[in-house]
Amino acid sequence: MESQTRLSERQLKILEVIREYTDEFGYPPTIREIGDSVGISSTSVVSYNLNALERKGYLARDKDVSRGLRLMTEGSPHAGLSQDEEDEYPSEFLSIPLLGAIAAGEPLPVFDSNASLADGDTIRVSSDMVGNPRNVYALQVRGDSMIDALIHDGDIVIMRHQVTAENGDMVAAWVKDEKATTLKRFYWEPGRRMVRLQPANPTMEPIYVHPRNLDIQGKVIGVIRRLS
């Protein structure tokens, strides 16, 4: 790896931004976010410098992924490896699909219940958060109905795709007749023969749905909080 004296001041700043952003949020920034942080308005200029950092061995970059950046620390045994060689080593980050938004409030149209989990944008998250990456995806939260569960508007929830739920699970629930998905806690109420979708906000009422009118699309396994 080349010495840091071979890096420009701008490239050093970009590395610092990527490192600090990843430490804070658990996934790397986009090109646009890097540009905003270092004062570069042109995404092509940011991309040029990312390519330079990749050539010098400071960065691994997947250009097919919107947040496909991974820092290579100086002296790392992974630095300078080919892609085939690098694949032999476990990454501390995993790419998972970001399928859109989900309402933590009233149901919001999101995606068809039969949509492929490979559809949509992609983010990289800590492998410690996900564990087994099979059937894992992400949704961005819209609304404040789950604030008492420490999930706020703009947060990203990490979901594991499953079609069943137990009482108390926080789930993405597809309400068929509204063709909409909502984020709520699941409770089966046998006396009513209904499912209660319970918000975590004392100012909001639960939603009651007949089981035939409901599909469970996933269970929350993690939350990425964007701090203001």
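Things worth noting here:
- Ranked Leu71, Leu98, criterion: other C-beta atoms within 10 Å, fewest first: Leu71, Leu98
- Residue among Val223, Tyr208, Met194 farthest towards the positive dipole end of the range 170-228, charges placed on Cβ: Val223
- Lysines with Cα under 27 Å of Lys13, excluding same-chain neighbours fewer than 8 positions away: Lys56, Lys63
- Net charge, Trp188 excluded, C-beta distance under 12 Å - Lys, Arg +1, Asp, Glu -1: +1
- Amide H to amide H distances under 5 Å link Leu69 with Asp62, where only residues 5 or more positions off or on other chains count and H is placed in the peptide plane.
- Sparse-neighbourhood loop sites, trypsin sites (Lys or Arg not before Pro) in the range 167-223 - DSSP loop, at most 12 other Cβ within 10 angstrom: Lys179, Arg192, Arg193
- Exposure proxy ranking, count of Cβ atoms within 10 Å, fewest first, for Leu59, Leu7, Leu150: Leu150, Leu7, Leu59
- Projected label points at Glu24 and Ser8, each 7 Å from Cα along the beta carbon direction, are separated by 2.4 nanometres.
- Lys, Arg +1 and Asp, Glu -1 on Cβ, resulting dipole of the range 137-228 about Cα centre, debye, nearest 20: 200
All of the numbers you see were taken from the coordinates with simple rules; none came from a lab. The structure displayed is predicted, hence computed values, not measured ones. Glycine also receives a Cβ, built like all others from the backbone with ideal geometry; neighbour counts cover every protein chain displayed.
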